[in-house]
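See below for the structure under consideration.
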2 protein chains.
Amino acid sequence: MADHGSKRSGGPLIIIGGGEDREGERVILREVARHLNGGKLVLATVASHQPEGYFETYQKAFADLGIEDLVELYVNDRAETLDPEKLRLFDGAAGVFFSGGDQLRISSQIGDTPVEQRVREIHERGGVIAGTSAGASMMSETMLVKGTSGESYKIGDLHMAPGLGLVRDVIIDQHFAERGRFGRLFGAVAHNPRELGIGIDEDTALVLQDSRFEVIGNGCVYVADGAGVTHSNIAEARPERALSMYDIRLHVLSAGDSFDLAKRRPAVVLDVTVSHAIEAHAAG
Amino acid sequence: MADHGSKRSGGPLIIIGGGEDREGERVILREVARHLNGGKLVLATVASHQPEGYFETYQKAFADLGIEDLVELYVNDRAETLDPEKLRLFDGAAGVFFSGGDQLRISSQIGDTPVEQRVREIHERGGVIAGTSAGASMMSETMLVKGTSGESYKIGDLHMAPGLGLVRDVIIDQHFAERGRFGRLFGAVAHNPRELGIGIDEDTALVLQDSRFEVIGNGCVYVADGAGVTHSNIAEARPERALSMYDIRLHVLSAGDSFDLAKRRPAVVLDVTVSHAIEAHAAG
């Protein structure tokens, strides 16, 4: 049996579905600030091909929330990850925030480099690591890179890659309901149902500490559990063939809901056998 | 225990998610034609506020498939449903095809009228009743009328109404993955998990005979089963609140898959206990 569910140590991960409010109540950024507790934040704009403007936007958004000590980390290419000046940016930081763009830029530019090492160190000594959009996707061991939105999943239609692996046994997708990404998340889970598929709406986040997360923000977080799947055509079918997959267990979570990744269950309810019992009743 | 699952007699229902191919291979219209077996088809354009052009399009599409005897039924308003000339259109018909538009126009204009009676008679004596888009939605007893697409379900955000009730204990949605309607289908199912939520992609259809349907076409059919749901906030929450709902069982079906509405199971696999057993194994 795999050790499901990412028993993690280290600080909190705040995983954001993109499009978080930066001007109004800022529920999500406020949560990031709360964990920073006035400390220094590294804004990593690595995911972007054109990072201009990101820093100013977040600087403004965080300033009102009591975070004044904000520095930008950008690396144009992998060679720069050895630059001592870049690495010194992490000195004394209480957290790192990855902004959006292309998750493949994060993994390809900083994966297995001293920059990644600094991020891990901050995480391990209890700092907060937050990421939005591409910065959310890269959190998992295997990350979703590309796949069509707004349609059902076709077998040949997914690009996955190794992420930073801050959280195990999950695959994370973002801008989820807004861009119609249900199909591709189910397709990803079909590849290996060990992985829980987690789809996060815009302006919505999960705050993960140890193996449990809580949902904050305006939208939903969807958890697709393939553990009970009885059939899928993912390994058999032609690339243009639509997905077939029976018995996905799906949880729709919103603000205030908690989920236990180790138990693969919403945190407030009983064992899955309760669900089985209600189901058996319905079957007569 | 409710008599789940629509044990039906009568002819086949062909329920189409909209946007069916009308010029190429026409897999779905070909299936309609096959059931007509050269017989007369009534094209009901009632759902449309501006039905001009529909008839010509379908006439052309069906002509190549051997269906030459096609007549159009349109009613501007409810009073016209008593018009003997309109009612004579059904004489000798082997089937009825409802084109798209607004499902509320179908139910409000022909619900409980002699026109609806004619449709039922054709169905009961074994004729085929097909419907695409709005014509799909209206097939169920309770139909989905409105609700936002492309975002997660907010509690206050759904308009349902009584449909024609040709199939029981299901709620049907269409243009499903393409318009991002997962959220609203889960919301509909949350209202009463007795109803199976069925979401049909474009150029995709289910062919229902007795209590079993088969999927044809290019996309997917999603079946959301709320029988095992352990928690939902549908009755408690404020209208702007996002949905929370645990333990939905979801099936992703595509061409060739069959589903048994009476058993609430994909037709080729064993009992739900198989899914429970695999799940128990994963839980260690």
Where A:Asn76 falls short, out of the listed (1) open to solvent by 10 Å² or more (accessible area, probe 1.4 Å); (2) modelled with pLDDT of 95 or more; (3) not aliphatic (A, V, I, L, M): (2)
Kindly check whether there is at least one residue in the range B:253-275 that is polar (S, T, N, Q), facing chain A (nearest Cβ under 9 Å) and over 24 Å from B:Asp173 (Cα atoms). yes
When you scan the range B:206-218, do you find a residue that is within 11 Å of another protein chain (Cβ to nearest Cβ) and closer than 22 Å to A:Ala280 by Cα, even just one? no
Are any residues in the range A:16-59 touching a residue at least 24 places away in the same chain (Cβ under 8 Å) and open to solvent by 40 Å² or more (accessible area, probe 1.4 Å), and if so, which ones? A:Gly19, A:Asp21, A:Arg22, A:Glu23, A:Val27, A:Arg30, A:His35, A:Asn37, A:Gly38, A:His49, A:Tyr54, A:Thr57
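What residue, among those in the range A:171-191 that are in contact (Cβ under 8 Å) with a residue 60 or more places away in the chain and surrounded by fewer than 24 Cβ atoms within 10 Å (Cβ to Cβ), is farthest from the other protein chains (Cβ to nearest Cβ)?
Looking at residues that are in contact (Cβ under 8 Å) with a residue 60 or more places away in the chain and surrounded by fewer than 24 Cβ atoms within 10 Å (Cβ to Cβ), I get A:His175.
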Of the conditions (1) in contact (Cβ under 8 Å) with a residue 60 or more places away in the chain; (2) of a type in the set (Lys, Arg); (3) under 18 Å from B:Asp247 (Cβ atoms), A:Arg249 satisfies every one except a single condition; which number is it? (1)
Quick one: B:Glu68 ticks every box in (1) crowded, with 18+ Cβ neighbours inside 10 Å; (2) over 16 Å from the mean Cα position of the chain (by Cα) bar one, so which box is it? (1)
When A:Asp201 is evaluated against the numbered criteria (1) within 15 Å of A:Glu20 (Cα to Cα); (2) among the charged types (D, E, K, R); (3) more than 9 Å from chain B (Cβ to nearest Cβ), which criterion, by number, is the only one it fails? (3)
Tell me whether the range A:76-84 contains one or more residues that are over 20 Å from A:Arg125 (Cβ atoms), out of contact with any Leu (no Cβ under 9 Å at 6 or more places or on another chain) and within 14 Å of another protein chain (Cβ to nearest Cβ). no
In the range A:217-238, is there at least one residue being closer than 26 Å to B:Arg265 by Cα, open to solvent by 20 Å² or more (accessible area, probe 1.4 Å), touching a residue at least 60 places away in the same chain (Cβ under 8 Å) and touching a helix residue (DSSP H, G or I) at 6+ places or on another chain (Cβ under 7 Å)? yes
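The values are calculated or read from the model by the stated rules, or taken from the named source; none is laboratory data. All values derive from a computational prediction rather than experimental measurement. Counting neighbours? That spans all protein chains shown, and the Cβs are built from the backbone with ideal geometry, glycine included. Areas reflect the complete protein model, heavy atoms only, side chains present, ligands, DNA and RNA absent. Shrake-Rupley method; radii C 1.70, N 1.55, O 1.52, S 1.80 Å.
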